[in-house]
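Heads up, the thing below is written out as structure tokens.
Please treat every number below as a calculation from the coordinates, not as lab data. The model shown is predicted, which means the values in this text are computed figures rather than measured ones. Counting neighbours? That spans all protein chains shown, and the Cβs are built from the backbone with ideal geometry, glycine included.
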Amino acid sequence: MKIPYFPGCTLHSKARGLDETTRGSLAALGVELVELPEWTCCGTVFPLAQDNYIGMVAAARILANAAKMEGGKLATVCSFCYHVLKRVNYAIKNNSEARKKLNDYLEENYGGEIETIHPLEICKEIIGLDAIREKLKRKLKGLKVACYYGCMLVRPAAEMNFDHPENPTIMEELISALGAEVVEYPGKTTCCGSYQVLNDMSLVKQKVKEILYSASARGAEAIITSCPLCQFNLDWMQEKLAEENNGFSKVPVLYFTQLLGLTLGLPEESLRLGEHYVDPKPLLLGA
Amino acid sequence: MIERIKEISGQNASICMQCGTCSASCTGRDLMDYPPRQVMRMIQLGNQNVLNLKSIWICSTCFICTARCPRGIDIARLMEALRVINLRKGREVLIAEKIPLEILTRVPQMALTSGFRKLSA
């Protein structure tokens, strides 16, 4: 089965590991992600000012181009891209003013027909967790994993319509199927501080500390996410936290697709485990 | 000013009942000068100083306040309106030259695009 795919800017640069393990894992499961022939940045944030239509044009163009391909779907894995594409699509479908204005910019006649879909949904709803279990080359054997969703995947619930806005479980269901032991902790949909890392690093440091301690206190050996910015904040900030506190114990922060790829037997180099600040290799490859 | 905020956000702050759920949930509350409940109160009272708060620039638009508001107010849209009114007058907080190099060279590209869209004019 083929599904049109929008990688997004970060997946072609700092988050190649997310891109390659998403494509590789889904290919091993029989789903080929077909990259859109032309694409731009999605805009990264959904404009919350009602009169800011220009902030939606990039995403609208991506969606309109996806509608020209076969499949009726558009897959994207970065939480920011998924958030923006899904909300812009919702606006085009449900808001006649947005539909009219955006189509005027695009010189198109796109009505929001595309279904934006996340690889977590592809795994659960299209491939099926039982089918994934059958294709595993190895299991995670009780590895204690905390799933971190952050904010963009799940909220606001009405528009995102992606699992529960404060207690989603789709990532836990997948990771359990891979043999991991799920760590329940209260921080999984709190915000890591996001782009505030550029403006006020102390905010991000504080939020990351709360999330990490919340997960570590319950025994997490690794944290997984689908967002390159969450991954960066949670991963890099541990270097700062370790500088301030000698007793700080680091926890590797991975993309969920890296664990999926590992269990499906993707070649080690394509997992790109060496590109994180906290090295996950002793935990994953030593085990 | 109240009408302008309402127009840009599409939200009616006057239905806020001041319960404080937004403040209790807020990601950035510890670093804000006025937590979201007080920002809402200032909008209700038409206090122009609401445009000068540090809080509006600390908001990380995580939508936890929006998700939890028992009155169904999209508080994130109100915070955005306060930023947008400033940004359209050229008042911004994120200046490219002032971002520390150790961060600039390491952050994923999406952080730069989103940060500049939210915090730069």
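Within 10 Å of each Cβ in peptide A:211-224, how many partner chain Cβ atoms are there on average? Round it to a whole number, please. Write down the numbers at each step before the final one.
Values: counts 0, 0, 0, 0, 0, 0, 0, 0, 0, 0, 0, 0, 0, 0.
Per residue, the average neighbour count from other chains is 0.
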query = Which lysines does A:Lys209 reach when only Cα atoms under 16 Å apart count, and residues fewer than 8 places away in its own chain are ignored?
reply = A:Lys188, A:Lys240, A:Lys250
request  = Can you tell me how much longer the chain between B:Arg106 and B:Asp30 gets when fully stretched, taken as 0.36 nm per residue apart minus their C-alpha distance, in nm with one decimal?
outcome  = 24.8 nm
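In the stretch A:69-222, what is the volume of the convex hull around the alpha carbon atoms, normalised per residue and reported in Å³?
140
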message = Using only the alpha-carbon atoms, how far is helix A:79-94 inclined from the longest principal axis of chain A? Give it as 0 to 90 degrees, nearest 10.
response = 30
query = Taking neighbour counts of Cβ atoms within 10 Å as a proxy for exposure, in what order, fewest first, do A:Met69, A:Met56 appear?
reply = A:Met69, A:Met56
note = Residues other than B:Glu102 with Cβ under 12 Å of its Cβ, Lys/Arg counted +1 and Asp/Glu -1, net out at +1
task = Quick one: angle between helix A:16-28 and the longest Cα principal axis of chain A, in degrees between 0 and 90, rounded to 10, please.
result = 80
remark   = Net charge near A:Gln258 (other residues with Cβ under 15 Å of its Cβ; Lys, Arg +1; Asp, Glu -1) is -1
ask   = How compact and how long is the stretch A:36-90, expressed as Rg and Dmax of its alpha-carbon atoms in Å?
value = 10.8, 33
message = If I fit a long axis through the Cα atoms of helix A:201-216 and take the longest principal axis of the Cα atoms of chain A, what angle between them do I get, 0 to 90°, rounded to 10?
response = 60
ask   = Hey, which aspartates and glutamates would be in cross-link range of A:Lys2, C-alpha to C-alpha under 18 Å, not counting anything within fewer than 8 residues on its own chain?
value = A:Asp19, A:Glu20, A:Glu32, A:Glu35, A:Glu38, A:Glu70, A:Glu113, A:Glu115, A:Glu121, A:Glu125
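Mind checking the stretch A:20-124 for trypsin sites (Lys or Arg not before Pro) that DSSP puts in a loop (not H, G, I, E or B) and that have at most 15 other Cβ atoms within 10 Å?
A:Lys68
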note = Each label sits 7 Å from Cα toward the beta-carbon; between A:Arg16 and B:Glu92 the label points are separated, in nm, by 3.1
key: B:Asn52 paired with A:Val34, simple spin-label distance in nm, labels 7 Å along Cα-to-beta-carbon   = 5.8
note = For the stretch B:2-89, shape from the Cα gyration tensor axes a ≥ b ≥ c, cut at a/c of 1.5 then a/b versus b/c, turns out rounded
inquiry  = Can you tally the net charge around A:Leu271? Count Lys and Arg as +1, Asp and Glu as -1, for every other residue whose Cβ sits under 15 Å from the Cβ of A:Leu271.
reply    = 0
